[in-house]
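Data first, discussion second: the structure below is written as C-alpha cells.
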Amino acid sequence: EAQVTQNPRYLITVTGKKLTVTCSQNMNHEYMSWYRQDPGLGLRQIYYSMNVEVTDKGDVPEGYKVSRKEKRNFPLILESPSPNQTSLYFCASSLYLDSTDTQYFGPGTRLTVL
Amino acid sequence: ILNVEQSPQSLHVQEGDSTNFTCSFPSSNFYALHWYRWETAKSPEALFVMTLNGDEKKKGRISATLNTKEGYSYLYIKGSQPEDSATYLCASLSTNAGKSTFGDGTTLTVKP
C-alpha cells in the first residue's frame, strides 16, 4: 500500500531534550516536506527536500533541522525543543511537486513540549 | 496579496444547500494551486490540481475554478451532505520550486 508513515504519532517531552520525528514514504517520491499546524492556522511549511541531499527552508524553519540521506526518509530533528514547538506535525511527499502532482500526507505527529 | 487567504473561515449549512468558498493567492510567479480536503483526525487529501487560467475541475458534487490573472480560486459544493463536513485547504505553489503556501482553510459543517 502506498503510504507516508510518521513516528511517533504522539510525543510528550520536556524543554531542551533532543528529539527526532521520522518520516518515510514507499512511493519513490523525490519531493518531501514537513509542515506544522497550529489552532486556527493552516499548514505552515518548515523544510522541504526536492531530492536526496537537497533540502531548503520553508516559512518557519527556526528551531528545526532535517536531513535527506535516502530518498524514502526525511526525519525532522528538534535539537532543543521549546514549548512554542508544541504543534501537530505533518510529513508529505510528492513525485516531483510539479504542475500535476499533489502531496500525500502522513498521519501526523502530535508533539507537546513541557 | 502576499499570503494565501481563504474565506470564509467557517461555514454552517443545511443538508442539500449548495455552497462555495474562496482562495486568494499571489498572482505573480504563480505555478499551481492545489485544493485539499481535511477531515477531523485524518490527514489532508488532495482534491484538485489547477494550473491554467480558466481551469475548471470537477469531482462528483465538488468543482473548482481558477483565475490566475486576478489570483483567486473558487470551490463549489452542490447539494452539501453531512459527509462533506471538513476543512478545505488551498495551497499555492510559486515558481520558486518546492515552496508550498497553504491558506488557513475553510471549515464546512453540514447539518442533517
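The values are calculated or read from the model by the stated rules, or taken from the named source; none is laboratory data. Just so we're clear, the structure is a prediction, and the values are computed from it rather than from any experiment. Cβ atoms come from the backbone with ideal geometry, glycine included; neighbour counts cover every protein chain shown. Note: accessible area is taken over every heavy atom of the protein model, side chains too, but ligands, DNA and RNA are not part of it. Shrake-Rupley method; radii C 1.70, N 1.55, O 1.52, S 1.80 Å.
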Task: Calculated from backbone phi, Karplus (6.51, -1.76, 1.60) coupling profile of the range A:36-48 in Hz, x at Gly/Pro - done: 10, 10, 10, x, x, 10, x, 7, 10, 7, 8, 9, 9
Open item on the list: Rolling a 1.4 angstrom probe over the protein chains, ignoring ligands and nucleic acids, what is the accessible area of residue A:27 in square angstrom, nearest 10?
Closed with: 40 Å²
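On the protein heavy atoms, probe 1.4 angstrom, tell me the percent of accessible surface of chain B carried by carbon and sulfur. Present the calculation step by step, with values, prior to reporting the outcome.
Working: 2500 of 5500 Å².
Here it works out to 46 percent.
What total accessible surface area, summed over both chains, is buried at the interface between chains B and A, computed with a 1.4 Å probe and given in Å² to the nearest 100?
Numbers: alone 6430 and 6210 Å², together 10850 Å².
Approximately 1800 Å² gets buried when B meets A.
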- [ ] Report the convex hull volume per residue for the range B:1-102, counting only C-alpha atoms, in Å³.
- [x] 97 Å³
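Where does the range B:14-61 land on Rg/Rh, using Cα atoms and the Kirkwood Rh? Before the final figure, lay out the partial values.
Details: Rg = 13.2 Å, Rh = 13.2 Å.
Over the Cα atoms of the range B:14-61, Rg/Rh equals 1.00.
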Task: trypsin sites (Lys or Arg not before Pro) restricted to the range B:12-76 and DSSP loop, no more than 12 other C-beta within 10 Å - done: B:42, B:69
- [ ] Note the per residue figure in Å³ for the convex hull of the C-alpha positions in the range A:36-99.
- [x] 93 Å³
Open item on the list: Two decimals, Cα atoms only, Kirkwood Rh: what is Rg/Rh over chain A?
Closed with: 0.95
Open item on the list: Debye calculation, C-alpha points only, no solvent: report log10 I(q)/I(0) for the protein assembly as shown at q = 0.08, 0.09 Å⁻¹, in the same order as the q values.
Closed with: -0.29, -0.36
Open item on the list: Bins of 5 Å, beginning at zero and ending with the bin holding the largest distance: percent of Cα pairs per bin for the range A:73-114, please.
Closed with: 5, 19, 22, 19, 14, 11, 7, 2, 0
Task: Relative pair counts by distance (%), Cα atoms of the range B:31-85, 5 Å bins - done: 4, 19, 27, 22, 16, 8, 3, 0
- [ ] Could you tell me what fraction of 2.2 N^0.38 Å the Cα radius of gyration of the range A:1-56 comes to, as a two-decimal ratio?
- [x] 1.32
- [ ] Could you give log10 I(q)/I(0) at q = 0.15, 0.23 Å⁻¹ for the range B:54-112, computed by the Debye formula over C-alpha point scatterers of equal weight, without solvent?
- [x] -0.55, -1.06
Open item on the list: As a test question: what accessible area, to the nearest 10 Å², does residue B:62 have when a 1.4 Å probe is rolled over all protein chains in place?
Closed with: 20 Å²
- [ ] May I ask you to evaluate 6.51 cos²θ - 1.76 cosθ + 1.60, the Karplus curve with θ = phi - 60°, for each residue of the range B:17-30 and list the ³J(HN,Hα) values in order in whole Hz, giving x for glycine and proline?
- [x] 5, 9, 9, 8, 9, 10, 10, 10, 9, x, 7, 6, 6, 5
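Can you give the net charge of the other residues whose Cβ lies under 15 Å from the Cβ of residue B:111, counting K and R as +1 and D and E as -1?
Net local charge, residue B:111 excluded: -4.
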- [ ] Could you sort B:3-10, A:28-35 so that the peptide with the highest average Cβ count within 10 Å comes first and the rest follow in order?
- [x] A:28-35, B:3-10
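On average, how much accessible surface per residue is there in chain A, in Å², for a 1.4 Å probe, leaving out ligands, DNA and RNA?
With all protein chains present, chain A gives 47 Å² per residue.
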Task: For the range B:57-65, Karplus couplings with θ = phi - 60° (6.51, -1.76, 1.60), whole Hz, Gly/Pro x - done: 10, 9, 9, x, 8, 10, 9, 8, 10
